[in-house]
Structure formats: C-alpha cells, structure tokens
1. Give the residue from 152, 68, 37 lying farthest towards the positive end of the charge dipole for the chain; charges sit on Cβ (+1 for Lys and Arg, -1 for Asp and Glu) and the dipole is referred to the Cα centre.
2. In Å³ and rounded to a whole number, note down the convex hull volume per residue for the Cα atoms of the chain.
3. Per residue of the chain, what 222 nm ellipticity follows from adding -39500 (n - 2.57) for every DSSP H run with n ≥ 4, rounded to the nearest 500?
4. Give me the dipole magnitude in Debye, nearest 20, for segment 1-73 about the Cα centre, with unit charges on the beta carbon: positive for Lys and Arg, negative for Asp and Glu.
5. Under 5 Å between amide hydrogens, which residues at least 5 positions from residue 238 or on another chain qualify, with H placed 1.01 Å from N in the peptide plane?
6. Mind putting a number on the dipole of segment 259-362 about its Cα centre? Charges go on the C-beta only, +1 for Lys and Arg and -1 for Asp and Glu, and I need it in Debye to the nearest 20.
7. Segment 152-301: D in µm²/s via Stokes-Einstein (Kirkwood Rh, Cα pairs, 10 °C, 1.306 mPa s)?
8. Sequence neighbours fewer than 8 away in the same chain don't count; with that in mind, list the lysines whose C-alpha is under 16 Å from residue 6.
Amino acid sequence: MSLIQKYNVPGPRYTSYPTVPYWEEGSFTTSLWKETLVRSFSESNASEGISLYIHLPFCESLCTFCGCNKRITKRHDVEHPYIDAVLKEWQLYCELLPKKPIIKEIHLGGGTPTFFSPKNLERLIQGLFENALKHPEHEFSFEGHPNNTSRAHLQKLYDLGFRRVSFGVQDYSDTVQKAIHRIQPFHNVAKVTFWAREIGYTSIGHDLIFGLPFQRLHDVIDTIDKTNSLQPDRLAFYSYAHVPWIKGNGQRGFKDDDLPQDEEKRLLYEMGKKRLSENGYHEIGMDHFALGSDSLYQSFKNGKLHRNFMGYTSSKTQVMIGLGVSSISDSWYSFAQNVKTLEDYYDALAQNDLPVFRGHILNAEDIVIRKHILNLMCHFHTSWTDYGTYFSEIPHVIERLEEIKKDGLVQITENTLTVTEKGKPFVRNICMAFDLRMTRNQPETALFSMTV
C-alpha cells in the first residue's frame, strides 16, 4: 500500500483548534464570548492591533466546487442593506471594547467581495474607521473574481490602504471550468493581475485547486505554466474538498468517479509543486507557495507565520473579529460563529444583539494543543520542553505517531517533533495525532474532506 492510500483519510484543515465539529456548544454563551474577547483585547499589546474578517456572501452564479457560505443573486440592491448591517455589527463590538481598536489586518472574503461596487466598498471601509484607528503597519487584503474585478475596484481599494489581492483561478481547462461552473478565460486573470501590478499592489495571489472533476495531469501543468507566466507573488494550491453531504446541491453536480483519486490526485500536486519550485516559489506551510520577496515567505523564514480562519497570515494578532453572515471570530480563548442566513443575521442586529449562534470556550488543555497544532501547520516543528507546552497525553501522542515515524514522515526526540520533507504533504495527519478532542470522540460519519 502506498503512503497516499495509507494516509488518505478524512481530516481537518486546522484553521482552528478545536475544529468546529468538536466545539462544546452547550457550555457556550454570548456573554462568555464577550468576556473572553474583552479580556484578550485588554491583554494584547496596543501596538499589535486586531484583525477583521468581513464576509461578503453574494455571488452572481454558483461555482460547484465552492464550500463557502454564499447567496446567489444578480440583484445589486442587496449591497446597501448588507453594508449597513455589517457596520451595525461593528458598532456593537466597538461599544463592547474598552478603548478604540487599532485595526492591523482586514480581509474581505466571500462569496464575491467584488460583487460590491467600488463606491459601496469604500463606504464599508470608511465606516469601519469611524470607530477605529488604522495601524501604521496595516495589512489589508481582499479576494477578487477575475471576471468582475474592475480597475476601479483595484484602484479604490488601493486608495483605501489595500496592498494584497488574491484572485480565484482554480484551473484553466475548459472541461474543468464547465464542470465547476466557473468559466474564466486566462486573459481575464492576466488583465486583473497586470492592473493590480500597475496600480502598486505589493502582493498579488492566485488560488489554484487540484483534484477537481475531470482534471488531468496536463490540465494542472498547463494551469501552472500559465500561472508562472504571470508571476503572482504568492499562490494557494489547494486540494479540492469534496464534501457533498455538507455542501449539498453544488457538489452533487458531478460523481465521485469524476474526481482524480489517490495516487493520481497526489501526482497533480507533486507535479504542480515541482514546476512552482523551478520558477522560484517556496513551499510555505500547507498548500501555500510564495516568491522570496513576498511577506508570507519572509514571515515563514523568520518564524512569524500564523494561521487562523483567514488561512495563513504574515503576522499574528490575538484578536480576530469576524463580521458578516457565518463569519467566525477568535479571541484566542474562545471562538464565536455568526448565524448562517441573511434573515437571521438581519433579525439579530435589528434587536441590537451580536448575531452569534454558536462557539467554544477553550480550556487549558485546548490552548496547549492549539499551540502545538499551530507550530506544526506553520513551522513543521513543535516541542514540549516547558510547563506551557507539555501535557499529560504526550506519550500517547507519540504512540499514535509511531507508524508515521516508521514511514519517515516525522523525526521525534525526547522533547521535539519535526516534520520531514517527505512528511510535509501529510501534516494534517500528523496534527490529528495531537487532536485529543477527535481522538476521544471519533465521529460515526465523515465530518471532513480527505487529507490527500
């Protein structure tokens, strides 16, 4: 049996620990969330600032590979009321915090942030700063759809302080694009990439996916070669997460047999990784690549890379507030997720309530495990040499890693664990050995996508 077949099991992507299916929702209350948020905000260094993730859920058409929370509509009169609601939610948070927040990071995700007009995006960002200060080293980013991102979008957001943009590319094959309902010619991606560069964006990213329906090796090679010709500063090269039992209608548009499996799927990644490496891209954490000049690579090299619900970030803030429908917030000591429908979101805000519907308060063990998983996901290394990093089940974790160690995927000493080059593609599996909540509560049904 190959390593791919052996370790290709359902597993989390670890943008948090505990992962959402293992949150203790029964003991969570919005009051507890508020308490931990204020505590964390007060503890954090004023110079650190906070992060904001803003979910903009609207899309004009359904992409069938997508697992995000979205609302499909061509009506743009939804923009104004949604921005009003997001700013109302932000006002409630600002009233809760003991002093005016300093915003270090903003990320606009979706959905399709560029569904919104440049003028309305300006109203959103300016509205945030009516109650906040801008960090002198702020890092603002957004996700742009190459088909509808205009030069006006790019210029307006640049003028508002944004310097990073990521464009969803996925794959350039006509067959694959038709299957995932994302018809997007190369010249659209090239156009917005060149515009962003001309305007002055310092980090331009492209998001690619391997393992899509009907995708073959020559498709990935062609996509990578076209991407290399544009030289984006960073890349996400994700494994397609096929979870139709969770995401429903879109991902049921094609059969499991239409997807590349096991060795074939891994070959797509390995060939893509090889061609990226040949063109000057460095592998960072899981699924990410960057040129040596990009801040993500610099953070990785300097040991400052961080991971949260926004993915990998080049700096860490202790407080991340999620605004908008379905957004998740993180105070380090707790997580809180907003309601998932627009109707519930608007109803909560109309009552002057934070639109939180579930969450998790981390206990002392959770926080220690979280540190280890962050270390592995960001640095491929962790250690348990002091009181703050040791926990009683370390011997059992090492026992669970015995087979992984035999396969040469990790090196373990008395107090440290290092992921080998061979083991990097299996970092999710390695993290699962530390995941005590999963170990103690094995699910009866699949909760996650496959790890490979």
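The values are calculated or read from the model by the stated rules, or taken from the named source; none is laboratory data. Predicted, not measured: the structure shown is a model, and the values here were computed from it. All Cβ positions, glycine included, derive from the backbone under ideal geometry; neighbour counts span all protein chains shown. Keep in mind that these areas ignore ligands, DNA and RNA; they rest on the heavy atoms of the full protein, side chains included. Shrake-Rupley method; radii C 1.70, N 1.55, O 1.52, S 1.80 Å.
1. Most positive-ward Cα: 152.
2. Numbers: hull volume 64.4 nm³, N = 452.
It is 142 Å³ per residue.
3. Values: 17 runs with 169 residues, N = 452.
Dividing the helical sum by the residues of the chain leaves -11000 deg cm²/dmol.
4. Working: 6 positive and 6 negative charges, 58 e Å.
For segment 1-73, the charge dipole is close to 280 debye.
5. Sorted by chain and number, the residues that satisfy this are 208, 209, 210.
6. Values: 11 positive and 13 negative charges, 92 e Å.
Its charge dipole is roughly 440 debye.
7. Values: Rh = 16.2 Å.
So the translational diffusion coefficient is about 98 µm²/s.
8. Straight-line reach from residue 6, under 16 Å: 265, 405, 406, 422, 424.
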